[in-house]
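The structure under discussion appears below in the form of structure tokens.
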Amino acid sequence: MPITYNQEKKLFKLDTVTSSYILQVFEEGYLIHLYYGARIPDDNLTELRIVAFDHSAFEPNNARVKSWEFSPTISPLEYPASGTGDFRIPAFTVKAPEGNTATDLRYLTHRILKGKKPLEGIPALYVNSDDEADTLEVDLIDRLTGVVVTVSYTVFNNTGAMTRSAYVRNTGKAPVELKTVMSASVELNGADFRMIHLWGRYGKERTYTEQPLHHGIQGFESRRGSSSHEYNPFAAFAKNNASEDYGEVYGFNLVWSGSFSFEAQADSYDNTRVNVGINYKDFSWLLKPGEGFQAPEVVMVYTTEGIGEMSRIYHRLYNKNLIRGEWRDKVRPVLINSWEAAYFNFDDDKLVAFAERAKKLGIEMLVMDDGWFGHRNDDHTSLGDWYVNEKKLKGGLSSLISRVKALGLKFGIWYEPEMISEDSDLYRAHPDWCLHIKGREQSNCRNQYVLDMTRKEVRDNIFDQMYKVLSENDIDYLKWDFNRNLTEVGSEGLPPERQTEIYHRFVLGTYDLMDRITKAFPHILLENCSGGGGRYDPAMLYFSPQIWASDNTDPIERLTIQFGTSLCYPASSMGAHVSASTRASYETKGNVALWGSFGYELDPLKLSEETCDLIRRQIAEYHKYYDLIHKGDLYRIETPTENPCRCAWEFVSPDKSEMLFTFVIIRIVNNPKYMPRFKGLDPNRYYREETSGEIYSGALLMNAGYNMVNFSRPDGASYKLHFVAVD
Ligand code: GLA
């Protein structure tokens, strides 16, 4: 049983394949955290209760608790509140009707359930059948206000992953104000961890960084109203002696696309509290009697097999229990996107010419990017006017689509549904429909404003406009863009006391619109985008099986971006294209882009015959290696963070019968020796390298390595080696 309850000890034990997670209802109903780490067989853990053995007058205790070793200041609490003796970072704070913020949560009841329930209005991991997971819900009550928090845990069988979330209800008689509602608070044993996370900016998303924890609070956040280019809602805590292939690692990934907060506090007793959830800084939420509030969920992975295995656990889980719909399992078409080929400067004939040439190259879908609607010829106008510009697309959209389809290509289209241009019919009709504060100047970002997604009439209008185009035309793919962040966050649709809810309600509004679009058009492949990869998070993956990883398509720069992204997001999710505008050979551009959901970002009419031949080969390779890359296991062999001169990775099929190794020389150094030791093969099997025909044992390839000495070529060169088991 993955979740058990020991009635006598009042102790819950949650087991994944790799971990055990143990909590206990302690005296006076304090819910305490006993353990999260490698799987242990029993629950004989009472002595593990982390004790405040020498606590002083400065560590308050509840006078009714008999155990002298307990103190809310020191003991590990499962969902810590503030103002009642725990001075560390709180998971939960509520402002009572009387105006104070002292909060005190105690155990009320619990339930153990088969399967996993969806979260109200928020994307979350799902089960394909109830036997895939088990769920524990524990109700905690703040008796003075009557606020009940249900902390939920789902254990996914056959993986090393579990999820946590929190749902708050006001069962009291007066309204309260929620100030902090974290999705999870986890007490890690020890402070000897490195915090790993992903930082970046536009064109440099999800760059790996790590720092040793120090005593005090450290963390990162987004306050932009989206998950952002700057930080990703992901962190791993690796024991100081852990590495890519060995050692203890805890991963946390928040299923949320708005402002978020990740904080770790290494306390004075050398424990580490990790708090993950929505950003509490620009947030408060009025909760009236009878109302509820759902916090998003966090996906937690534990392994003793290093950072690489943590990533593989996330990849397998997301490919099966997060990404949804028919495109989860269908082969994604190789696309060509009009953006870098033409920007705003296209018409129907130009797009058809692209399609004709693309077809000859083996490309399977034409995507018409920004510029097809309203009178948009640059980025100053028309967002919000989602009707076809017939001056550009003479004969209309259906005529263009039939010409493209007659060539045998699929057709995709670009939208930026959450935005509005000042120069648009929509803005002229509804100037109050963007986020704004009366009397305050509006910040300008890319000449556009953000629509007030908290308002149903706004969402309905955009849905209706999109529905018309999508239902009247044979469209296979939709790129959903989001090209600025939130400023002057005010809504005319909400009263003053709810203005601090806008950041949150905005994201819920976007989810509502995405939900309606994906339900109305389940066959459309959705690709999320935000000025490249500015909204690359698990909640977006729930709606869109693939996400454009970055506007930066330079293959060398992409190595850093793709390695960082791979910490928790699977290859299947990464939009990766070959473009004309970048350095390096087309071969290397292709080898790097093959890592993800593949395509082209160039004018196909401007290619040499030699490049055309190469593209045909690349597309054949994309199909040849599709299952291996999209369904196989990723092993990072050498990362650009470790080695600025070269970089290498592998995909291994789940049955270990096949492996694709890719190697990029970033910069030649005066050392020809390179003997990578491969990973993830079966040591007892033999593998044939396809080009040379040579056969090697898995044990040799993994322990002695493979001699790459003859491969040194110019900076930016790259190679693929394909090994197939010969048994
Ligand atoms: C964003 C996207 C690009 C392109 C442009 C269009 O920057 O990342 O791929 O779609 O918008 O305006």
Need pairs with beta-carbon distance below 6 Å; first residue in a helix (DSSP H, G or I) and within the stretch 385-403, second open to solvent by less than 30 Å² (accessible area, probe 1.4 Å) and at pLDDT 95 or above; sequence gap 6+ or separate chains. Leu397/Asn473; Ser398/Asn473; Leu400/Asp348; Leu400/Leu393; Ile401/Phe411; Ile401/Asn473; Arg403/Val352
The stretch 423-443, residues that are among the polar types (S, T, N, Q) and either open to solvent by 30 Å² or more (accessible area, probe 1.4 Å) or touching a residue at least 60 places away in the same chain (Cβ under 8 Å) (or both): Gln442, Ser443
Matching entry among Lys438, Lys479 (being outside any helix (DSSP H, G or I) and under 29 Å from Glu364 (Cβ atoms)): Lys479
Can you pull out every residue in the stretch 527-539 that is more than 10 Å from the ligand (Cβ to nearest atom) and more than 24 Å from Lys631 (Cβ to Cβ)? Arg535
Residue list for the stretch 366-384, restricted to those being within 14 Å of the ligand (Cβ to nearest atom) and either among the charged types (D, E, K, R) or in a loop (DSSP other than H, G, I, E, B) (or both): Asp369, Asp370, Gly371, Trp372, Gly374, Arg376, Asn377, Asp378, Asp379, His380, Ser382, Leu383
Output the number of residues of the stretch 231-276 satisfying the condition of being open to solvent by 20 Å² or more (accessible area, probe 1.4 Å) and touching a residue at least 60 places away in the same chain (Cβ under 8 Å). 9
I need the full set of residues from the stretch 444-466 which are part of a helix (DSSP H, G or I) and surrounded by 15 or more Cβ atoms within 10 Å (Cβ to Cβ), in order please. Val458, Arg459, Asn461, Ile462, Phe463, Gln465, Met466
Listed by first then second residue, the pairs whose first member lies in the stretch 185-201 and is without any contact (Cβ under 8 Å) to a residue 60 or more places away in the chain, whose partner is in a strand (DSSP E or B), with beta carbons under 6 Å and at least 6 positions apart or on separate chains, are Arg194/Glu210; Arg194/Pro212; Arg194/Ala238; Trp199/Thr207; Trp199/Thr209; Trp199/Tyr231
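Collect the residues in the stretch 629-649 that are more than 22 Å from the chain's Cα centre (by Cα) and without any contact (Cβ under 8 Å) to a residue 60 or more places away in the chain, keeping them in residue-number order.
At the first step, the residues of the stretch 629-649 found to be more than 22 Å from the chain's Cα centre (by Cα) are 637-638, 642-648.
Of everything in the stretch 629-649, those that are more than 22 Å from the chain's Cα centre (by Cα) and without any contact (Cβ under 8 Å) to a residue 60 or more places away in the chain turn out to be Ile637, Glu638, Glu642, Asn643, Pro644, Cys645, Arg646, Ala648.
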Among (1) assigned to a strand (DSSP E or B); (2) more than 17 Å from the chain's Cα centre (by Cα), which single condition is Ser183 missing? (2)
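Against the condition farther than 21 Å from Phe234 by Cα, of a type in the set (A, V, I, L, M) and not in a loop (DSSP other than H, G, I, E, B), how does Val578 come out, does it pass? Break it down into steps so the answer makes sense when it comes.
On the way: farther than 21 Å from Phe234 by Cα: yes; of a type in the set (A, V, I, L, M): yes; not in a loop (DSSP other than H, G, I, E, B): yes.
Spelling it out, Val578 is indeed farther than 21 Å from Phe234 by Cα, of a type in the set (A, V, I, L, M) and not in a loop (DSSP other than H, G, I, E, B).
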Please give the number of the condition Leu351 fails out of (1) among the aliphatic types (A, V, I, L, M); (2) within 13 Å of the ligand (Cβ to nearest atom); (3) touching a Lys or Arg at 6+ places or on another chain (Cβ under 9 Å). (2)
On the basis of being open to solvent by less than 10 Å² (accessible area, probe 1.4 Å), within 36 Å of the chain's Cα centre (by Cα) and not hydroxyl-bearing (Ser, Thr, Tyr), does Leu125 make the cut? yes
Go through the residues of the stretch 540-560 one by one and say whether even a single one is in a loop (DSSP other than H, G, I, E, B), within 14 Å of the ligand (Cβ to nearest atom) and of a type in the set (Asp, Glu). yes
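Would you call Gly532 more than 26 Å from Ser183 (Cβ to Cβ) and open to solvent by less than 40 Å² (accessible area, probe 1.4 Å)? If you could, list the steps in order and put the result at the bottom.
Values: more than 26 Å from Ser183 (Cβ to Cβ): yes; open to solvent by less than 40 Å² (accessible area, probe 1.4 Å): yes.
Taking the combined requirement at face value, the residue satisfies it.
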Counting only residues that are open to solvent by less than 30 Å² (accessible area, probe 1.4 Å) and in contact with a strand residue (DSSP E or B) (Cβ under 6 Å, 6 or more places away or on another chain), the stretch 699-727 contains a total of 7
Candidates Thr518, Thr560, Thr582, Thr510 - the one that is under 21 Å from Met453 (Cβ atoms), open to solvent by 10 Å² or more (accessible area, probe 1.4 Å) and either out of contact with any Cys (no Cβ under 6 Å at 6 or more places or on another chain) or among the hydroxyl-bearing types (Ser, Thr, Tyr) (or both): Thr518
Scanning the stretch 377-391 for residues that are within 15 Å of Glu472 (Cα to Cα) and open to solvent by less than 10 Å² (accessible area, probe 1.4 Å) gives Trp386
Can you go through Lys116, Lys66, Lys95 and tell me which one is farther than 30 Å from Ala539 by Cα, touching a residue at least 24 places away in the same chain (Cβ under 8 Å) and basic (Lys, Arg)? Lys66
If Lys173 meets every condition in (1) more than 20 Å from the chain's Cα centre (by Cα); (2) outside any strand (DSSP E or B); (3) under 19 Å from Val299 (Cα atoms) apart from one, which number is that one? (3)
Tyr269 meets each of (1) within 19 Å of Val507 (Cβ to Cβ); (2) modelled with pLDDT under 95 with one exception, condition (1)
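Can you tell which of Thr159, Thr180, Thr163, Thr171 is among the polar types (S, T, N, Q) and over 30 Å from Lys239 (Cα atoms)? Break it down stepwise before answering.
Details: Thr159 fails: over 30 Å from Lys239 (Cα atoms); Thr180 fails: over 30 Å from Lys239 (Cα atoms); Thr163 fails: over 30 Å from Lys239 (Cα atoms).
None of the others qualify; the one that does is Thr171.
Of all residues in the stretch 406-422, how many are within 21 Å of Ile336 (Cβ to Cβ), in contact with a helix residue (DSSP H, G or I) (Cβ under 9 Å, 6 or more places away or on another chain) and either open to solvent by less than 70 Å² (accessible area, probe 1.4 Å) or within 16 Å of the ligand (Cβ to nearest atom) (or both)? Steps first, please.
Start the filter on the stretch 406-422 by keeping residues that are within 21 Å of Ile336 (Cβ to Cβ), which leaves 406-416.
In the following step, the residues that additionally are in contact with a helix residue (DSSP H, G or I) (Cβ under 9 Å, 6 or more places away or on another chain) were identified as 407-411, 413-415.
Applying the additional criterion that residues be either open to solvent by less than 70 Å² (accessible area, probe 1.4 Å) or within 16 Å of the ligand (Cβ to nearest atom) (or both) yields 407-409, 411, 413-415.
The number of residues fulfilling the criteria is 7.
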Hey, among Glu27, Glu47, which residue is in contact with a Phe, Trp or Tyr (Cβ under 8 Å, 6 or more places away or on another chain) and at pLDDT below 95? Glu27
Condition test on Thr487, is it of a type in the set (Ser, Thr, Tyr) and surrounded by fewer than 22 Cβ atoms within 10 Å (Cβ to Cβ)? yes
Lone unmet requirement of (1) within 17 Å of the chain's Cα centre (by Cα); (2) over 22 Å from Glu120 (Cα atoms) for Val298: (2)
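The values are calculated or read from the model by the stated rules, or taken from the named source; none is laboratory data. Computed from a prediction, not measured in an experiment: that's the story for all the values here. No Cβ is skipped: glycine too gets one built from the backbone with ideal geometry, and neighbour counts run over all protein chains shown. Heavy atoms of the whole protein, side chains included, go into the accessibility calculation; ligands, DNA and RNA do not. Shrake-Rupley method; radii C 1.70, N 1.55, O 1.52, S 1.80 Å.
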